[in-house]
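Everything below concerns the one structure shown next.
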Amino acid sequence: MDAQDFEAWSRRAAEWGAKYRETLDARPVRARTTPGEIYRAIPPRPPETGCEMERIFDEFESLIEPGMTHWQHPRFFAYFPSNAAPVSVVAEYLVTAMAAQCMLWQTSPAATELETRMMEWLRDALGLPEAFSGVIQDSASSATLAAVLMMRERTLGWQGNRAGLSQALRLRIYCSDQVHSSIDRAIWIAGIGQDNLVKLPADPRSGALPPEALEAAIRADLAAGYQPAGVIGCVGATSTGACDDIGELVAVAHAHDLLIHVDAAWAGSAMICPEFRTLWAGIEGADSVVFNPHKWLGASFDCSAHFIRDPEMLVRTLAIQPEYLKTHGRDGVVNYSEWSVPLGRRFRALKLWFLLRFHGLEGLRAMIRDHVRWAGMLHDRLAATLGVEIVTAPVLSLFSFRRAGASDDDTISHLSAINDDGRIYLTQTRVGSQLAIRFQAGSFAMREADIDIAYSAILDGLGLSQEGMS
């Protein structure tokens, strides 16, 4: 592909992207293909000779696009959002065109120094103390793994990476039963073992981990000869938005000289709005905090902001410096590959720079406040509708419901009917012993009118008449 063709096809792709965004509202949110349909349509062997771009692009439009679930759809109310604000997409065009490998300062100085400044911007936007330094990880899963490895190494006197774990004391990590499954994976990969992740029951009313239960579990493990290594707090749990009392967990953890990591992957974005910061009161005492700008803030995936109180502990845990990775003659530079598990790093800071400069914090705050308000409006309408049971009250823009008296099989059937209709996309969760339908508002393209569509689609899926309802 020569320069002229590259320009033409880049323009074609950008035009396609703009048209795609313009027409999303009219498309079903979820793909309507059957399992294996696209796989069978693709030849089983790679081509020996190339073909024209026109044909490839045509097949992309006819075969691939229809099999995509539209995460940028204004009525994507499932999971948590994975937003890509248009300005972030533009930045990603530039990142992809440059295709830099930003593992070291010397391999792309602008990437490193912009990342440092963007993490300072985000830290200040969230109201975190200046004592925190930040790094952009690919996902909250990686940030949590890095935090767990840091807990492990600190507890083992920085000998785990060298000596292994076979002769080490049995380490213990503590959290509530509301945490994301990425916590479990981090424990597996760190070699600590699932049996040593102590999941304590959250308070059924507040959803928070009781600090007295944490204290008791730590004391019991010490008496049994185990070695407590760290605590993981949660702000905005995936299931129902549960939030721990971070201040109280910090107090217990630090009383036992344990590090505490806080997973605020979704809810952290809302902390740019000062009125929501009560949800993580005490966060200034945490040792490690993660949130995902690629969820609710509008930065395209992947972009996870990881803040660390003492980055030297993280570097001591993860850094390897063979001669070919050293930056000679440049004292004081930061090499962010030493702050993360992968060596290779994309230029993720550019999309944050574009996003924050274009929208400003006030623009992003307005979006988040709208989502919270609109989710509350839908909650109130459903709560006032005969035949609908609210299961969990809103936390920010997340709540859950079901048809009153529905069994689990009924709820699965109702959810399928809602999603097969195509107007909206929801997911299920389990609250106590029963399934519920989970709603969260967070799409960058969402408008208030989408709440009316969601209400209608939900009632149709639940098999409830809309006559006389408002």
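The values are calculated or read from the model by the stated rules, or taken from the named source; none is laboratory data. Source: prediction; values computed, not measured. Cβ sites come from the backbone with ideal geometry, for glycine too, and all protein chains shown count toward neighbours. Note: areas computed on protein heavy atoms with side chains; ligands, DNA, RNA excluded. Shrake-Rupley method; radii C 1.70, N 1.55, O 1.52, S 1.80 Å.
Descriptive notes on the structure:
- Equivalent ellipsoid, the chain (semi-axes from 5 times Cα gyration tensor eigenvalues, Å): 36, 33, 21
- For the stretch 286-441, fraction of C-alpha pairs farther apart than 19 Å, in %: 69 percent
- Take the stretch 47-158 with all the other protein chains still there, run a 1.4 Å probe, and you get 44 Å² of accessible area per residue.
- Remark: accessible surface ordering of Thr69, Thr429 (largest first) is Thr69, Thr429, probe radius 1.4 Å.
- FRET efficiency, Tyr39 to Ala255 (Cβ-Cβ, R0 56 Å, nearest 0.05): 0.55
- Computed P(r) (all Cα pairs; the stretch 210-297; 5 Å bins; percent): 3, 15, 24, 23, 15, 10, 6, 3, 1
- Once all protein chains are placed together, Val89 keeps about 40 Å² accessible to a 1.4 angstrom probe.
- Share, in percent, of DSSP beta bridges within the chain that are antiparallel, nearest 5: 60 percent
- Here the Kirkwood formula, the inverse mean of 1/r across different C-alpha pairs, assigns the stretch 6-101 a hydrodynamic radius of 15.8 Å.
- Beta-bridge orientation, the stretch 140-244: approximately 10 percent antiparallel, per DSSP, counting only bridges with both partners inside.
- Taking the convex hull of Cα positions in the stretch 336-392, its mean projected area over all directions (nm²): 7.0 nm²
- Förster radius 51 Å - calculated FRET efficiency between Ile64 and Arg170 (Cβ-Cβ, nearest 0.05): 0.60
- Between the stretch 61-102 and the stretch 29-49, the alpha-carbon center distance in angstrom: 20 Å
- Inter-site label distance for Glu130 and Glu52 at 7 Å from Cα along Cβ, in nm: 6.2 nm
- Span-like helix criteria (full DSSP H runs; alpha carbon extent of at least 15 Å along the helix axis; mean Kyte-Doolittle hydropathy of at least -0.5) are satisfied in the chain by 86-98, 109-126, 140-155, 211-223, 349-383, 449-462.
- Distance from the C-alpha centroid of the stretch 398-456 to that of the stretch 144-195: 36 Å, rounded to the whole angstrom.
- Both radii are taken from the alpha-carbon atoms of the stretch 86-203; with Rh as the Kirkwood radius, Rg/Rh is 1.06.
- By definition, a body whose alpha carbon gyration tensor gives a ≥ b ≥ c is oblate when a/c is 1.5 or more and a/b is not larger than b/c, and the stretch 1-57 fits this oblate description.
- Accessible area (Å², 1.4 Å probe, nearest 10) - Asp460: 80 Å²
- Mean projection area, nm², convex hull over Cα of the stretch 370-461: 5.4 nm²
- Looking at the stretch 96-156, the GluC sites (Glu not before Pro) that sit in a DSSP loop and have at most 15 other Cβ atoms within 10 Å of their own Cβ are Glu130.
- Applying both filters, DSSP loop and at most 12 other Cβ atoms within 10 Å, to the trypsin sites (Lys or Arg not before Pro) of the stretch 61-130 eliminates every site.
- Considering only Ser10, Leu209, Gly387, the residue lying farthest towards the positive end of the dipole of the chain is Leu209, judged by Cα position with unit charges set on Cβ.
- CD proxy at 222 nm, helix term only [per DSSP H run n ≥ 4: -39500 (n - 2.57); per residue of the chain; nearest 500]: -12500 deg cm²/dmol
- Area projected by the alpha carbon convex hull of the stretch 161-276, averaged over all directions, nm²: 8.0 nm²
- With 5 Å bins beginning at zero, the pair-distance distribution over Cα atoms of the stretch 87-144 amounts to 4, 15, 18, 27, 21, 11, 3, 0 %.
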